[in-house]
Amino acid sequence: MTATDIELPATASHREERRRERSIRRAENSAFSASKKRLSSPGATIAALVIAVIWTIPTFGLFVTSFRQPADINTSGWWTFFAKPDLTISNYVNTLNFTDTITVGQSFVNSLVIVIPATLFPIAIALLAAYAFAWVNFRGKNILFIAVFSLQVVPIQVALVPLLSLFSNGVTIGNWAVFPGLDLNGLDGSFARIWIAHTIFALPLAIFLLHNFIAALPNDIMEAARIDGASHGQTFFRIVLPLARPAIASFAILQFLWVWNDLLVATIFTSGSNFPITKLLTDLAGTYGQTWYLLSAGTFLAIVVPLIVFFSLQRYFVRGLLAGAAKG
């Protein structure tokens, strides 16, 4: 038996594997083209426009209301504006001058201080975990991934009391402090609490979404990196991170919007001068609801930043959410 006789079966096997990969790619491309054709048909376009118009009408009505006189808001619907337009910016002026525990400007800054770390922290941790689940072989990987994924079904409300107890008392077994209580009563204490809370609540979904994208990266690229002697760290930072930008941007949008619009977690884990703008919006109506008309102006002030973030990362959004969808 010669060396040629030994290499021929391996070569044929490799050729067969390449043929299977090419056929799989052709099937995926044809499925994607068919889906794209159906979604870009005239009927789908008309349906999307109709849904967009219906979805936009309440927001447009809220926008019109924010510029109407308080007396008009209390006596007629926003659609009467077209018959008798009477605009004013007093609602925005009164909203910006509103002061409860803090001013609107301070609450706006507090929201930024909360939302930026609460978006970056879970992404950083989830990227490392997703890469490990996708490309690192270790014992019990599948069981651990299922356990992490199953945490998504745990309601936030169920975890709030245990989390508060964890922050206050820590975890002690016998005389050994497994997790010490956090002394976070200083200036930035409540910010640290809400960062940790949002990070914990976001990790299961973040790991799941990012894992789906990272696991769908071409195996040839990862194998080439290993053959070239790249470590897991080099592969992660030089290959996975640049290719995973659409998925990162997609989850960043979801997490940013969730944290920015959150009221429940913010009310529980923040206090005093650290309240975000969502908490202040609930106070705009006043104790007996006399100034509820200010909510329309306050709402539009609050959605400026989310709109900027969404439109800045919009091109990555669909690509990241649909990544790996054609995989088996």
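The values are calculated or read from the model by the stated rules, or taken from the named source; none is laboratory data. This one's a predicted model, so the numbers in the text were calculated from it and none came from an experiment. FYI the Cβ positions are ideal-geometry reconstructions off the backbone, even for glycines, and counts take in every protein chain you see.
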Next item on the list: Can you confirm whether segment 257-265 contains a residue that is outside any helix (DSSP H, G or I), touching a residue at least 24 places away in the same chain (Cβ under 8 Å) and out of contact with any strand residue (DSSP E or B) (no Cβ under 7 Å at 6 or more places or on another chain)?
Entry: yes
Next item on the list: Confirm whether Phe201 is within 17 Å of Ile268 (Cα to Cα) and either modelled with pLDDT under 85 or not assigned by TED's automatic domain parsing to the domain that holds Gln255 (or both).
Entry: no
Check: Give me the pairs: first residue in segment 226-243 and more than 17 Å from Leu210 (Cβ to Cβ) and surrounded by 12 or more Cβ atoms within 10 Å (Cβ to Cβ), second residue modelled with pLDDT under 90 and of a type in the set (Ser, Thr, Tyr), beta-carbon distance under 9 Å, and six or more apart or on different chains, which are they?
Finding: Arg226/Thr235
Check: Restricting segment 157-172 to residues that are surrounded by 14 or more Cβ atoms within 10 Å (Cβ to Cβ) and either in contact (Cβ under 8 Å) with a residue 24 or more places away in the chain or outside the structural domain of Ile194 (by TED's automatic domain parsing) (or both), which is farthest from Arg193 (Cα to Cα)?
Finding: Ala159
Next item on the list: Go through segment 109-140 and give me each residue that's polar (S, T, N, Q) and under 13 Å from Phe251 (Cα atoms).
Entry: Thr119
Next item on the list: Would you check which residues across segment 266-312 are in contact (Cβ under 8 Å) with a residue 24 or more places away in the chain, farther than 24 Å from Phe121 by Cβ and hydroxyl-bearing (Ser, Thr, Tyr) and list them?
Entry: Thr291, Tyr293, Ser296, Thr299
